[in-house]
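Right, one structure below, let's go through it.
The values are calculated or read from the model by the stated rules, or taken from the named source; none is laboratory data. Given the structure is predicted, the values throughout are model-derived calculations rather than measurements. All Cβ positions, glycine included, derive from the backbone under ideal geometry; neighbour counts span all protein chains shown. Heads up: the accessible areas ignore ligands, DNA and RNA and are worked out on the full protein's heavy atoms, side chains in. Shrake-Rupley method; radii C 1.70, N 1.55, O 1.52, S 1.80 Å.
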Amino acid sequence: MTSPRLRVLLVDDQALVRMGFSLVLGGEDDLDVVGEAGDGATAVAQVRALRPDVVLMDVRMPGMNGIEATRLIVAEHPDTRVVVLTTFDLDEYAFGALRAGASGFLLKDARPAELVDAIRTVAAGDAVMSPRVTRRMLEMFADRLPRADAPATTGDPRLAALSPRETEVLKAVATGHSNAEIAADLFVAEATVKTHVGRILAKLGVRDRVQAVIVAYEAGLVEP
(Lines give C-alpha, C1' and ligand atoms only; values in the text may rest on other atoms or scores of the structure.)
Protein backbone atom coordinates (compact mmCIF):
# COMPACT_ATOMS: atom_id res chain seq x y z
CA MET A 1 0.00 0.00 0.00
CA THR A 2 1.49 3.31 -1.09
CA SER A 3 1.59 6.34 1.19
CA PRO A 4 -0.67 9.28 0.31
CA ARG A 5 0.97 12.02 -1.71
CA LEU A 6 1.97 15.17 0.18
CA ARG A 7 -0.07 18.22 -0.71
CA VAL A 8 1.99 21.38 -1.18
CA LEU A 9 0.93 25.03 -1.48
CA LEU A 10 3.37 27.49 -3.07
CA VAL A 11 3.33 31.09 -1.80
CA ASP A 12 5.50 33.76 -3.45
CA ASP A 13 4.73 37.13 -5.00
CA GLN A 14 6.82 36.24 -8.07
CA ALA A 15 5.06 33.98 -10.55
CA LEU A 16 8.35 32.79 -12.03
CA VAL A 17 9.55 31.61 -8.62
CA ARG A 18 6.33 29.66 -8.12
CA MET A 19 6.66 28.18 -11.58
CA GLY A 20 10.22 27.06 -10.88
CA PHE A 21 9.24 25.38 -7.61
CA SER A 22 6.25 23.76 -9.28
CA LEU A 23 8.41 22.28 -12.02
CA VAL A 24 10.80 20.83 -9.45
CA LEU A 25 8.08 19.32 -7.28
CA GLY A 26 6.05 18.07 -10.23
CA GLY A 27 8.69 15.48 -10.97
CA GLU A 28 8.32 13.79 -7.57
CA ASP A 29 6.02 10.78 -7.23
CA ASP A 30 5.03 11.59 -3.64
CA LEU A 31 4.35 15.35 -3.98
CA ASP A 32 1.38 17.25 -5.39
CA VAL A 33 1.32 21.04 -5.86
CA VAL A 34 -2.32 21.70 -5.03
CA GLY A 35 -2.30 25.48 -5.31
CA GLU A 36 -0.42 28.76 -5.45
CA ALA A 37 -0.74 32.20 -3.86
CA GLY A 38 0.97 35.54 -4.48
CA ASP A 39 0.33 37.13 -1.08
CA GLY A 40 -0.35 36.21 2.52
CA ALA A 41 -4.09 36.77 2.53
CA THR A 42 -4.56 34.52 -0.49
CA ALA A 43 -2.31 31.93 1.14
CA VAL A 44 -4.50 31.81 4.24
CA ALA A 45 -7.61 31.43 2.09
CA GLN A 46 -5.97 28.70 0.01
CA VAL A 47 -4.97 26.73 3.10
CA ARG A 48 -8.55 26.88 4.35
CA ALA A 49 -9.83 25.62 1.01
CA LEU A 50 -7.14 23.11 0.06
CA ARG A 51 -5.78 21.85 3.42
CA PRO A 52 -2.20 21.30 2.21
CA ASP A 53 0.29 19.30 4.25
CA VAL A 54 3.11 21.77 3.64
CA VAL A 55 3.23 25.45 2.67
CA LEU A 56 6.33 26.96 1.07
CA MET A 57 6.00 30.55 2.30
CA ASP A 58 7.78 33.66 1.06
CA VAL A 59 8.02 36.21 3.87
CA ARG A 60 8.46 39.48 1.97
CA MET A 61 5.22 40.06 0.10
CA PRO A 62 2.87 43.01 -0.46
CA GLY A 63 -0.21 43.26 1.73
CA MET A 64 -0.21 40.52 4.35
CA ASN A 65 3.37 39.30 4.68
CA GLY A 66 4.48 35.74 5.29
CA ILE A 67 4.89 36.23 9.04
CA GLU A 68 1.26 37.11 9.66
CA ALA A 69 0.10 34.50 7.17
CA THR A 70 2.17 31.85 8.96
CA ARG A 71 0.75 32.86 12.33
CA LEU A 72 -2.83 32.53 11.06
CA ILE A 73 -2.20 29.25 9.24
CA VAL A 74 -0.49 27.58 12.20
CA ALA A 75 -3.21 28.75 14.60
CA GLU A 76 -6.06 27.55 12.39
CA HIS A 77 -4.46 24.44 10.92
CA PRO A 78 -1.89 22.99 13.35
CA ASP A 79 -1.31 19.96 11.12
CA THR A 80 -0.15 22.13 8.22
CA ARG A 81 3.60 22.76 8.22
CA VAL A 82 5.15 25.98 6.95
CA VAL A 83 8.63 26.29 5.47
CA VAL A 84 9.83 29.87 5.10
CA LEU A 85 11.45 30.86 1.82
CA THR A 86 14.07 33.60 2.05
CA THR A 87 16.79 35.15 -0.07
CA PHE A 88 19.14 35.68 2.88
CA ASP A 89 20.44 33.08 5.32
CA LEU A 90 20.06 35.55 8.19
CA ASP A 91 16.76 37.34 7.70
CA GLU A 92 14.78 39.00 10.47
CA TYR A 93 11.58 38.35 8.54
CA ALA A 94 12.39 34.66 8.38
CA PHE A 95 13.10 34.59 12.11
CA GLY A 96 9.77 36.31 12.75
CA ALA A 97 8.05 33.58 10.77
CA LEU A 98 9.80 30.93 12.88
CA ARG A 99 8.48 32.61 16.01
CA ALA A 100 5.05 32.62 14.39
CA GLY A 101 5.18 28.83 14.07
CA ALA A 102 7.06 27.94 10.90
CA SER A 103 8.95 24.65 11.02
CA GLY A 104 12.10 25.99 9.42
CA PHE A 105 13.47 28.01 6.59
CA LEU A 106 14.99 27.42 3.19
CA LEU A 107 16.98 29.66 0.87
CA LYS A 108 15.29 30.33 -2.46
CA ASP A 109 18.42 29.24 -4.29
CA ALA A 110 18.47 25.85 -2.54
CA ARG A 111 19.15 22.87 -4.76
CA PRO A 112 16.06 20.98 -6.00
CA ALA A 113 16.95 17.98 -3.83
CA GLU A 114 17.10 20.24 -0.75
CA LEU A 115 13.66 21.66 -1.52
CA VAL A 116 12.15 18.19 -1.88
CA ASP A 117 13.88 16.92 1.26
CA ALA A 118 12.65 19.94 3.23
CA ILE A 119 9.03 19.23 2.33
CA ARG A 120 9.32 15.59 3.29
CA THR A 121 11.14 16.42 6.51
CA VAL A 122 8.57 18.88 7.88
CA ALA A 123 5.70 16.67 6.77
CA ALA A 124 7.24 13.93 8.92
CA GLY A 125 7.18 16.26 11.93
CA ASP A 126 10.77 17.46 12.04
CA ALA A 127 12.27 20.90 11.47
CA VAL A 128 14.20 22.17 8.47
CA MET A 129 17.20 23.91 9.94
CA SER A 130 20.46 22.68 11.34
CA PRO A 131 20.92 23.23 15.08
CA ARG A 132 23.87 25.53 14.40
CA VAL A 133 21.86 27.74 12.05
CA THR A 134 19.12 27.93 14.68
CA ARG A 135 21.61 29.15 17.23
CA ARG A 136 23.15 31.66 14.81
CA MET A 137 19.78 33.21 13.99
CA LEU A 138 18.87 33.46 17.66
CA GLU A 139 22.19 35.08 18.46
CA MET A 140 21.67 37.61 15.70
CA PHE A 141 18.12 38.61 16.47
CA ALA A 142 16.93 37.52 19.93
CA ASP A 143 18.07 40.78 21.56
CA ARG A 144 16.33 42.88 18.90
CA LEU A 145 12.98 41.17 18.64
CA PRO A 146 10.04 41.60 21.02
CA ARG A 147 10.25 39.13 23.87
CA ALA A 148 7.52 37.68 26.02
CA ASP A 149 5.77 40.13 28.34
CA ALA A 150 7.29 38.52 31.40
CA PRO A 151 10.97 39.25 32.09
CA ALA A 152 13.25 36.43 30.97
CA THR A 153 14.43 35.91 34.51
CA THR A 154 10.97 34.72 35.55
CA GLY A 155 11.26 31.78 33.18
CA ASP A 156 8.45 29.88 31.55
CA PRO A 157 6.11 27.73 33.67
CA ARG A 158 6.29 25.00 31.03
CA LEU A 159 9.95 24.44 31.94
CA ALA A 160 8.90 23.30 35.41
CA ALA A 161 7.45 20.14 33.84
CA LEU A 162 10.85 19.08 32.53
CA SER A 163 13.02 16.63 34.43
CA PRO A 164 16.61 17.70 35.23
CA ARG A 165 17.90 15.55 32.36
CA GLU A 166 15.32 16.97 29.95
CA THR A 167 16.32 20.50 30.98
CA GLU A 168 19.95 19.58 30.33
CA VAL A 169 19.06 18.25 26.90
CA LEU A 170 17.00 21.34 26.06
CA LYS A 171 19.93 23.60 26.96
CA ALA A 172 22.17 21.57 24.68
CA VAL A 173 19.66 21.75 21.82
CA ALA A 174 19.29 25.50 22.32
CA THR A 175 23.04 26.06 22.18
CA GLY A 176 23.29 24.40 18.79
CA HIS A 177 24.15 20.78 19.56
CA SER A 178 22.89 17.92 17.43
CA ASN A 179 21.45 14.74 18.92
CA ALA A 180 24.72 12.92 18.22
CA GLU A 181 26.75 15.59 20.01
CA ILE A 182 24.41 15.58 23.00
CA ALA A 183 24.61 11.79 23.20
CA ALA A 184 28.41 11.94 23.25
CA ASP A 185 28.45 14.63 25.94
CA LEU A 186 25.99 12.77 28.17
CA PHE A 187 27.41 9.29 27.49
CA VAL A 188 24.04 7.95 26.33
CA ALA A 189 22.72 6.47 23.09
CA GLU A 190 21.54 8.85 20.39
CA ALA A 191 18.16 7.09 20.48
CA THR A 192 17.90 8.08 24.17
CA VAL A 193 18.49 11.72 23.29
CA LYS A 194 15.83 11.50 20.58
CA THR A 195 13.40 10.16 23.16
CA HIS A 196 14.23 13.02 25.53
CA VAL A 197 13.70 15.56 22.74
CA GLY A 198 10.31 14.05 21.94
CA ARG A 199 9.24 14.32 25.58
CA ILE A 200 10.51 17.90 25.76
CA LEU A 201 8.44 18.88 22.72
CA ALA A 202 5.34 17.27 24.24
CA LYS A 203 5.79 18.95 27.63
CA LEU A 204 6.47 22.37 26.10
CA GLY A 205 3.54 22.00 23.73
CA VAL A 206 5.63 22.80 20.65
CA ARG A 207 5.83 21.02 17.32
CA ASP A 208 9.56 20.81 16.66
CA ARG A 209 13.01 21.62 18.05
CA VAL A 210 13.07 25.08 16.45
CA GLN A 211 10.08 26.12 18.54
CA ALA A 212 11.63 24.49 21.63
CA VAL A 213 14.80 26.54 21.14
CA ILE A 214 12.77 29.73 20.94
CA VAL A 215 11.01 28.85 24.21
CA ALA A 216 14.38 28.22 25.85
CA TYR A 217 15.74 31.60 24.80
CA GLU A 218 12.62 33.58 25.64
CA ALA A 219 12.37 31.93 29.05
CA GLY A 220 15.97 32.82 29.84
CA LEU A 221 17.09 29.20 30.11
CA VAL A 222 19.92 30.12 27.78
CA GLU A 223 21.03 33.47 26.43
CA PRO A 224 22.40 34.53 23.04
Would you mind checking which residues have amide H under 5 Å from Val55's amide H? H placed 1.01 Å from N; only 5 or more apart, or other chain. Leu9, Arg81, Val82, Val83
Under 5 Å between amide hydrogens, which residues at least 5 positions from Gly104 or on another chain qualify, with H placed 1.01 Å from N in the peptide plane? Val84, Val128
Just tell me which lysines come within less than 21 Å, Cα to Cα, of Lys171; anything on the same chain fewer than 8 places away is out. Lys194, Lys203
Other residues with Cβ under 14 Å from the Cβ of Thr167 give, with Lys and Arg +1 and Asp and Glu -1, a net charge of +2
At what distance in nm do the modelled label points of Thr167 and Thr87 sit from each other, each positioned 7 Å from its Cα along Cα→Cβ? 4.5 nm
How large is the accessible surface of Glu68 in square angstrom, using a 1.4 angstrom probe and rounding to the nearest 10? 70 Å²
Take Arg51, Arg81 and sort them by solvent-accessible surface of the protein heavy atoms, 1.4 Å probe, largest at the top. Arg51, Arg81
Judged on accessible area alone, 1.4 Å probe, highest first, Met19, Met57, Met129, Met64 line up as Met19, Met64, Met129, Met57
Length gained when the stretch Leu16-Glu114 is fully extended (0.36 nm per residue, less Cα-Cα span): 33.4 nm
